[in-house]
1. Please go through the stretch 122-137 and pick out each residue that is loosely packed, with under 15 Cβ neighbours inside 10 Å and in contact with a strand residue (DSSP E or B) (Cβ under 9 Å, 6 or more places away or on another chain).
2. Give the residue that is surrounded by the most Cβ atoms within 10 Å (Cβ to Cβ), with candidates limited to residues of the stretch 381-423 that are touching a residue at least 60 places away in the same chain (Cβ under 8 Å), more than 16 Å from I40 (Cβ to Cβ) and among the small types (G, A, S).
3. Out of the residues in the stretch 83-110 that are hydrophobic (A, V, I, L, M, F, W, C) and in a loop (DSSP other than H, G, I, E, B), state the one that is nearest to S129 (Cα to Cα).
4. So which residues in the stretch 26-44 are part of a loop (DSSP other than H, G, I, E, B) and buried (at least 20 other Cβ atoms within 10 Å of the Cβ)?
5. Within the stretch 375-418, restricting attention to residues that are out of contact with any strand residue (DSSP E or B) (no Cβ under 9 Å at 6 or more places or on another chain) and charged (D, E, K, R), which residue is farthest from G191 (Cα to Cα)?
6. Scan the stretch 185-222 for residues that are of a type in the set (S, T, Y) and more than 22 Å from the chain's Cα centre (by Cα) and jot them down.
7. Out of (1) part of a loop (DSSP other than H, G, I, E, B); (2) within 26 Å of the chain's Cα centre (by Cα), the odd one out for G288 is which?
8. Filter the stretch 203-245 down to the residues that are in contact (Cβ under 8 Å) with a residue 24 or more places away in the chain and small (G, A, S) and list them by number.
Amino acid sequence: MMESPYALERELGMQYYSTDTPGIGGTLRTVPEDFIVDEIPLDRKGGASGPYLICRLTKSNWELQHAVKEIARRLNISHRRIGWAGTKDRNARTTQLISLYKVTPEEIARLHIKDISLEVIGQSNEQLSLGDLGGNRFEICIRDADPEELAGRVAAVTKTTAQALPNYFGLQRFGVIRPLTHRVGELILRGEYEQAVAVYVGQAFPLEREEIRNARTTFRETRDAAVALRELPVQMSFERSMLSYLQARPGDYAGALRQLPPKLLSMFVSAFQSYLFNYALSHRLAAGNTLADPVPGDRLIFANGRTDMATAANLAAVTLHLARGRCSIALFMPGRDEPGAPAGDEATRSMLADLRITPDDFRKASVFVQTKFDGAWRPIALRTTVDASVQDTGVSLRFTLPPGHYATTVCREYMKADPIKMV
C-alpha cells in the first residue's frame, strides 16, 4: 500500500493505492474512443408494450444530464420524462439504456443530434431508474505510459486487481472539471441554500476558461444574477436557469436550487455520502487494517444484501467466506437511517459530529430534494479480472464492474498519475 501524493485525491478521501508498484503514468481519454463504456442491462426492462419507450443511447463527449436535456428539448418534452439506470462519463464513448415516457419510435427516428444516437429496442411498463443495470463493460486505452519495465508493472497491478483495490468513489462522482458536488451536498444538508448556490454557480476552477472563471467569481462576490447571466455562455444551461430564477425572484436560493433537474439535485447529497465513504475507507487503511482481513466489529455484506458482523468467535469462518467471495467487508454511508453505531465507522461518525450533521438533516434534505437519502452499506474492496495488454507505450484494459463501481479506480492503480490526466 502507498499514499497518493495528489492533493485533489486526498481532498476527496482517496488517500491510498493498494499496490506499491511504481505507476505507469500516461494519459486517459486522449480521444473518446480511448474510454468505451457499455452498460449491461437487466433482463426485466423492455418488452412489447407499455408507456415507456426504451432506447439505447450512444454518445460521445456529452455529459449525461446535458444530453438528456437536449434530447428533451428536441422532442419538446420535459426532461423529467426521461429516465436512466446509470450516469456515464462525459469524455468517453458510452452506450446505455434510457426510457422516455409517451414518446413514439417515429419521433426518435426524426431526432438528429451531433454525437448522439438513439436506437429503439422496446417498450416497458416501468421507467428506468438509477441502479437498474447489471454493471458496465469497459475498454480503456492508456496512452504515453512510461516504457521502463512497462509490461512487468502492468502485470503486477493486474494481479492485485483480482484480489482487492480500495472501492473508492472516483473523481467523476464529485465533478470532473469542478470537483465540488459533495460540498454543495453538505451545504444542502445544512440548509445553507444561498451558500450552495454560491458554490455551484460561483466557485471557479483552473481548468475552466478565463471568462467563465471571471463570471463565476463576480457572482460569488456580488450575488448579481443579471451580470452573471450576461457573462456566462449560453451552453451553461443549469447555471443560467438558476440565475434566471434569481433575477426574477431575488433571494429565493432554495427555489433556484430546485430549477436543477431532480436527479442532478439529488446527486449533490449523494456525493457527500460518497465523500464520507472514501474518507472512512482511507481512515481504515491508515489504521493498518486491510481490505480482505476482517477484524472483530467489521460489518459484512453478502450478495443478496444481507449483512452480518465479524466477531472474535466467528473470525475464522468469516475469513473463509471472504476468501471464497461470498461476502465483503462493508462500511456504512450515512443517511436518514441509523444502523445502530456500526463498528469500524468511527471516522464517519466523528466527521459528522464535527460538521454537526445528523440523520435528521438527511431527512430534511430528502423532503427538499424529494429523494430518499437512506443509509447504505458499500463493500470496501473492488475486485475484477482485467485483460491487460501492452503495445509500445500504450496499455489496453478490458474489464467488467458491478453498478456503482468506478473504472477510474482501477485505472488510477495502474497509472498513479495526477487525477487531471484521468478525466
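The values are calculated or read from the model by the stated rules, or taken from the named source; none is laboratory data. In this text the structure is predicted, and so the values were computed from the model without any measurement. Cβ placement follows ideal geometry from the backbone for every residue including glycine, while neighbour counts extend to all protein chains displayed.
1. Listed by number, the residues that qualify are N125, S129, G134.
2. Among them, the one singled out is A417.
3. Top of the filtered list is A85.
4. G26, L28, R29
5. For the stretch 375-418, the residue satisfying everything is D392.
6. The answer is Y193, T217, T218, T222.
7. (2)
8. Answer for the stretch 203-245, where residues must be in contact (Cβ under 8 Å) with a residue 24 or more places away in the chain and small (G, A, S): A225, A228, S237.
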